[in-house]
1. Within region A:7-16, does at least one residue satisfy the condition of being in contact (Cβ under 8 Å) with a residue 12 or more places away in the chain, surrounded by fewer than 17 Cβ atoms within 10 Å (Cβ to Cβ) and at the interface with another protein chain (Cβ under 10 Å from one of its Cβ atoms)?
2. Of all helices (runs of 4 or more DSSP H) completely enclosed by region A:80-143, which ones contain at least 2 residues that are modelled with pLDDT of 95 or more, over 30 Å from B:Asp119 (Cα atoms) and open to solvent by 50 Å² or more (accessible area, probe 1.4 Å)?
3. How many of the residues making up region B:78-101 are free of Cβ contacts under 8 Å to residues at least 40 places away in the same chain and at the interface with chain A (Cβ under 7 Å from one of its Cβ atoms)?
4. For residues that are touching an Asp or Glu at 6+ places or on another chain (Cβ under 8 Å), under 17 Å from B:Gly85 (Cα atoms) and without any contact (Cβ under 8 Å) to a residue 40 or more places away in the chain, tally how many sit in region B:19-47.
5. Residues to consider are A:Ala56, A:Ala21, A:Ala25; find the one that is open to solvent by 20 Å² or more (accessible area, probe 1.4 Å), more than 18 Å from B:Cys117 (Cβ to Cβ) and among the small types (Gly, Ala, Ser).
6. Only one of these conditions is not met by B:Asp63: (1) open to solvent by less than 70 Å² (accessible area, probe 1.4 Å); (2) within 16 Å of B:Phe102 (Cα to Cα). Which number is it?
7. If you go through region A:20-58, how many residues are away from chain B (no Cβ under 14 Å) and of a type in the set (A, V, I, L, M)?
2 protein chains.
Amino acid sequence: MKPDDRVIYFAGSIRGGRDDAAIYAQLIERLKKFGRVLTEHIGAASLTDGGEPGLARAIHDRDLEWVSASDVVVAEVTTPSLGVGYEIGRATEWQKPVLCLFRTGTPRTLSAMISGCPDVTVREYAEVADVERIFEEFFAGLR
Amino acid sequence: MKPDDRVIYFAGSIRGGRDDAAIYAQLIERLKKFGRVLTEHIGAASLTDGGEPGLARAIHDRDLEWVSASDVVVAEVTTPSLGVGYEIGRATEWQKPVLCLFRTGTPRTLSAMISGCPDVTVREYAEVADVERIFEEFFAGLR
């Protein structure tokens, strides 16, 4: 699949905590080389842990429709997040390729439900520059 | 369904953070009135955010099999958790009844993917005693 044709859903923590928002923005910038990213707002500094305005049901239905419409899901999983976990659970049921990125050098331990899930690809990175190689390898492995 | 016949999967944060472990234990004690709780260890004080020992794949497969074998999932969702979100995502795909309990009086805001999900029942509680009525109503509403 050519990058022009590929649709990517990027998942990162919002109400779970915005500690990594700046990193999400940098990952999204690098992801754009590989496809169209539906969820650029996840990286926006203006988005706080209060969440997006609007009815939760509308946000849920829109995001789930985006997951459904995407060719691949890329999730940053260092900051624990119910929404990101939920989206990974639905995406694996729908047999979407899922790449989970976990940053080393923090006190966090990744959930065994993610690190032990046979239907997702988990890659650790120390700094954002590392993800370029990870993305190259992951997308090259997809049809 | 009689309590003797009902199997309940209780979900709470482990590697996402154990701030609420004592509350999980109290919820599980009250849940036992309504069925057999498969995951009593979630409330154990000895279980830290380092997680259970053992291979992540074995933990994932066991927990997912337990979700699959359960009649209902009850999740405490105040502390954000990838694993809890993942299990809710899989359980909703499998059309399991899911009850999510969110504690008020904390700085947390519940994920819109949970509060806006039409396939889960979300109930807020201020203290553990409140859940007795919530459990009575929820289980009475199931077949």
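The values are calculated or read from the model by the stated rules, or taken from the named source; none is laboratory data. This is a predicted model, so every value here is computed, not measured. Please note: Cβ atoms are built from the backbone with ideal geometry, for glycine as well, and neighbour counts cover all protein chains shown. When the accessible area is computed, the model is the full protein with side chains, heavy atoms only, and any ligands, DNA or RNA have been set aside. Shrake-Rupley method; radii C 1.70, N 1.55, O 1.52, S 1.80 Å.
1. Checked region A:7-16: no residue is in contact (Cβ under 8 Å) with a residue 12 or more places away in the chain, surrounded by fewer than 17 Cβ atoms within 10 Å (Cβ to Cβ) and at the interface with another protein chain (Cβ under 10 Å from one of its Cβ atoms).
2. The helices (runs of 4 or more DSSP H) meeting that bar are A:131-140.
3. Matching residues across region B:78-101 total 5.
4. Summing the residues that are touching an Asp or Glu at 6+ places or on another chain (Cβ under 8 Å), under 17 Å from B:Gly85 (Cα atoms) and without any contact (Cβ under 8 Å) to a residue 40 or more places away in the chain in region B:19-47 gives 1.
5. After applying the criteria, what remains is A:Ala25.
6. With respect to (1) open to solvent by less than 70 Å² (accessible area, probe 1.4 Å); (2) within 16 Å of B:Phe102 (Cα to Cα), B:Asp63 is out only on (2).
7. Residues in region A:20-58 being away from chain B (no Cβ under 14 Å) and of a type in the set (A, V, I, L, M): 11 in total.
Residues checked against (1) closer than 19 Å to B:Lys32 by Cα; (2) of a type in the set (Gly, Ala, Ser):
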position: B:Val73; (1), (2): yes, no
position: B:Pro80; (1), (2): no, no
position: B:Gly83; (1), (2): no, yes
position: B:Thr92; (1), (2): no, no
position: B:Pro97; (1), (2): yes, no
position: B:Arg103; (1), (2): no, no
position: B:Ile134; (1), (2): yes, no
